[in-house]
Amino acid sequence: MIIDFAPLQLKDRYKIMSRTIIPRPIAWIVTEENGIINIAPFSYFMALSSEPPTVIVSIGHKKDGSPKDTLKHIRNTKKCTICFVTPQMIELMDATSESLPEEISEAKKFGIATKRVIEDFPPIIQASPAAFFCTLYQEIELGGKTVPLILEIEHYFIEDSYYKEELAFEFDFVARVGKGYRLCSKTL
């Protein structure tokens, strides 16, 4: 069967893509602006290139049409920290998908411990074993409901217990598969 994408509604295109491009790792993105730490999960996230080292994440808008806080903060500060989700973190990660007023920090509301490891970037989520510290490389205007951002990886954090000199790190990260989550054992 061949499905023509042109006549499909946006939600149907999303369903096909999100249930076929699997698994999709969860980018638990931390931004910080005006002293407020914002934490939000995104599953439309993938590696893009290793030269320059980039990832891509698509971020939508709030119900009122304004940019989600994560998008607004990355546009304003040009920085974010992407933390990865372990199975023990799923409930907290799910909680942070709740739409909150911009002045309310998910870290405070849900009791998520963060730790600053690089002064000029938002903190990491303390329980996350790995994180990318990224700067905005390019925003892509597609004219749709989401805004793809290309983020350049400037630094990488790995918990000491996971580090291997040959860089063959092994994690048990959570990935999005359709509407559910699956464990995605990953060797980098």
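Side notes on the structure shown:
Yes/no per residue for (1) under 25 Å from Y156 (Cα atoms); (2) in contact with a strand residue (DSSP E or B) (Cβ under 6 Å, 6 or more places away or on another chain); (3) modelled with pLDDT under 85:
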{"position": "I2", "(1), (2), (3)": "no, no, yes"}
{"position": "I39", "(1), (2), (3)": "yes, yes, no"}
{"position": "I59", "(1), (2), (3)": "yes, yes, no"}
{"position": "I82", "(1), (2), (3)": "yes, yes, no"}
{"position": "T96", "(1), (2), (3)": "yes, yes, no"}
{"position": "S99", "(1), (2), (3)": "no, no, no"}
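- Scanning the stretch 93-108 for residues that are assigned to a loop (DSSP other than H, G, I, E, B), of a type in the set (G, A, S) and crowded, with 17+ Cβ neighbours inside 10 Å yields one hit, S105.
- Residues of the stretch 49-92 that are within 20 Å of F133 (Cα to Cα), exposed (fewer than 12 other Cβ atoms within 10 Å of the Cβ) and among the acidic types (D, E): E51 alone.
- Filtered residue count, the stretch 7-31, keeping only those that are modelled with pLDDT of 75 or more, of a type in the set (A, V, I, L, M) and under 19 Å from the mean Cα position of the chain (by Cα): 4
- Against the test of being closer than 25 Å to A175 by Cβ and more than 16 Å from the chain's Cα centre (by Cα), the options F110, F42 yield a single qualifying residue, F110.
- The stretch 67-93 residues that are farther than 15 Å from S43 by Cβ, paired with ones that are among the β-branched types (V, I, T) and assigned to a helix (DSSP H, G or I) (beta carbon under 7 Å, 6 or more apart): C80/I74
- Residues of the stretch 47-57 that are under 17 Å from V147 (Cβ atoms) and modelled with pLDDT under 90: L48 alone.
The values are calculated or read from the model by the stated rules, or taken from the named source; none is laboratory data. None of these values were measured; they are calculated from a predicted model. Every residue, glycine among them, receives a Cβ derived from its backbone with ideal geometry; neighbour counts consider all protein chains shown.
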